[in-house]
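Enquirer: Quick one: this structure, given as structure tokens, is what I'll be asking you about.
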Amino acid sequence: MSLAGALWFAVQDDLFSNGLCSSSPSPSISNTTQDQQSSVSEPIAASETRSVLDELDDLFISQTLHFNRQCLRFIIDFIQARLKKDVFAPGHSLTSAEANILATLACYAQGSLPSKITDRLGIDQTAAGEALKTITKLLADTSPDFITFPNSYNDRMGAAQAFKNLSGIPHVVGVLGYLHVKVSPPLGEEHMYMNTLGYHSVMMQVIFDVDGNLLSLEQCCPGGTPEHTVWENSEIGRQFSIFQHGHTWVVGSRSLHGCGHVLTPVEAFRIKSNSLHGRTQQVFGSLKSRFQCLRDIGSIQSPESVACTIKACCVLHNICKKFSVPLPLDFSVEPLHPPSEVVNIMAEQPFDYMEDTKDEMIEMFFNIAEDEGK
């Protein structure tokens with residue numbers, strides 16, 4: 001993530017200043033804490049002095065929550081600092097607040113919140129459901145803090161160098177993709193939500209770096225929306241169009257051919273590089289494997305009604321990357337979505353100099369003209 005170091009130090013400082021970080025020394029990310037195994041069926045006794053997390057064994061944390069202990073401690077402390085202890089019903093303790101946070105994370109990981117989990121955490125399922133709404137909105141609202149695009153020159157060049165080391169393509173700062181989340185659409189609007197794989201979905205525009213950290217997240221819309229339309233109307237697309245991010249590119253699908261600042265497989269083939277292909281399926285597969293709620297949201301009223309859930313999971317994805325949390329054992333890559341209808345954008349923009357710029361960049365760095373003459 002761009003500016004990750006400053007952000008994480010600032011978050012930790014905020015936690016300590018609010019007195020919500022544990023006073024005991026926390027283990028380093030690289031260390032593995034061996035905790036005594038406890039029965040999954042035994043509920044946790046409420047106590048003001050004991051942490052709910054400390055009562056959970058590593059197997060429960062890994063298989064039910066899809067995090068590791070160090071990452072969970074950070075998330076709990078961060079959320080508690082933001083909540084300020086006053087959003088839960090009067091009389092609820094920090095212990096029950098922590099249990100509600102863990103229940104929310106379990107719901108993301110499992111796609112539902114069965115009573116055996118709330119019983120294990122020692123909380124009421126109705127209260128956990130209310131906390132789910134509160135915590136989801138809180139995490140979604142922090143997405144601008146944890147999902148950041150490399151805005152400075154040095155950050156952009158660092159991102160571009162990483163992509164060049166991997167693929168040989170210069171000046172690429174991210175991969176552009178569209179995350180599809182299965183839904184049951186509103187009545188009468190089914191056609192708007194039908195995607196190219198033949199199921200109803202909402203889609204979120206995502207840009208990620210070479211390591212899978214999310215850099216940009218916006219434009220939650222029906223799954224049948226053409227990708228080029230989403231890009232051209234997005235804030236990040238507008239920023240590229242006015243060169244706010246310099247002469248850099250993102251790599252996208254064939255549906256985006258002709259869009260400014262987007263290199264598609266047409267150009268990627270010309271520069272003889274396939275190393276970036278499949279990255280989108282891997283990143284989206286990791287999101288849906290860790291947060292199985294993203295596999296099927298269920299009935300919705302509008303794309304905006306599920307945007308908070310998607311954003312919350314994306315924030316947690318970046319935190320997991322920071323803490324090197326391993327993926328669940330049942331990880332699987334996301335199926336490749338066939339491109340939506342490719343519109344002849346150039347017919348509407350006959351003087352689009354970006355196509356000439358792409359050709360010049362390809363010829364300059366890869367000597368395509370020379371190769372074709374051999």
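The values are calculated or read from the model by the stated rules, or taken from the named source; none is laboratory data. Everything numeric in this text was worked out from a predicted model, so none of it was measured. Reconstructed Cβ throughout: ideal geometry from the backbone, glycine too, with neighbour counts over all protein chains shown. Ligands, DNA and RNA are stripped out before the accessible areas are found, and what is left, the full protein with its side chains, is counted by its heavy atoms. Shrake-Rupley method; radii C 1.70, N 1.55, O 1.52, S 1.80 Å.
Enquirer: Among the numbered criteria (1) open to solvent by 60 Å² or more (accessible area, probe 1.4 Å); (2) modelled with pLDDT under 95; (3) in contact with a Ser or Thr (Cβ under 6 Å, 6 or more places away or on another chain), which one does residue 274 miss?
Expert: Of the numbered conditions (1) open to solvent by 60 Å² or more (accessible area, probe 1.4 Å); (2) modelled with pLDDT under 95; (3) in contact with a Ser or Thr (Cβ under 6 Å, 6 or more places away or on another chain), the odd one out for residue 274 is (3).
Enquirer: Among the helices (runs of 4 or more DSSP H) contained in the stretch 129-198, which hold 2 or more residues that are open to solvent by 20 Å² or more (accessible area, probe 1.4 Å) and closer than 30 Å to residue 300 by Cβ?
Expert: Fully inside the stretch 129-198 and qualifying: 143-146, 190-193.
Enquirer: Given the structure, is residue 234 surrounded by 20 or more Cβ atoms within 10 Å (Cβ to Cβ), closer than 24 Å to residue 182 by Cβ and among the hydroxyl-bearing types (Ser, Thr, Tyr)?
Expert: Here the answer is no, as residue 234 does not meet what is asked.
Enquirer: Residue 262 fails exactly one of the following numbered conditions: (1) surrounded by 22 or more Cβ atoms within 10 Å (Cβ to Cβ); (2) out of contact with any helix residue (DSSP H, G or I) (no Cβ under 8 Å at 6 or more places or on another chain); (3) farther than 25 Å from residue 191 by Cβ; (4) at pLDDT below 95. What is the number of that condition?
Expert: Answer for residue 262: the failing condition is (2).
Enquirer: If you check every pair at least six apart or on different chains, which have Cβ atoms under 7 Å apart with a residue in the stretch 49-68 that is crowded, with 18+ Cβ neighbours inside 10 Å first and a residue that is in a loop (DSSP other than H, G, I, E, B) and of a type in the set (Phe, Trp, Tyr) second?
Expert: Taking only residues 6 or more apart or on different chains, the pairs are 61/67; 68/323.
Enquirer: Still on this structure, I have one more. Which pairs do you get when a residue that is free of Cβ contacts under 8 Å to residues at least 24 places away in the same chain and of a type outside the set (Phe, Trp, Tyr), found in the stretch 235-257, comes within reach of a residue that is open to solvent by 10 Å² or more (accessible area, probe 1.4 Å) and assigned to a loop (DSSP other than H, G, I, E, B), reach meaning Cβ atoms under 7 angstrom, with the pair 6+ apart or on two chains?
Expert: The qualifying pairs are 241/260.
This table checks each residue for (1) of a type outside the set (Phe, Trp, Tyr); (2) in a helix (DSSP H, G or I); (3) modelled with pLDDT under 95; (4) under 18 Å from the mean Cα position of the chain (by Cα).
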{"site": "204", "(1), (2), (3), (4)": "yes, no, no, yes"}
{"site": "220", "(1), (2), (3), (4)": "yes, no, yes, yes"}
{"site": "268", "(1), (2), (3), (4)": "yes, yes, yes, no"}
{"site": "280", "(1), (2), (3), (4)": "yes, yes, yes, yes"}
{"site": "283", "(1), (2), (3), (4)": "yes, yes, no, yes"}
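Enquirer: Another question, then. Consider residue 311 carefully, then state whether it is in contact with a Lys or Arg (Cβ under 6 Å, 6 or more places away or on another chain) and assigned to a helix (DSSP H, G or I).
Expert: No; evaluated as a whole, the condition is false for this residue.
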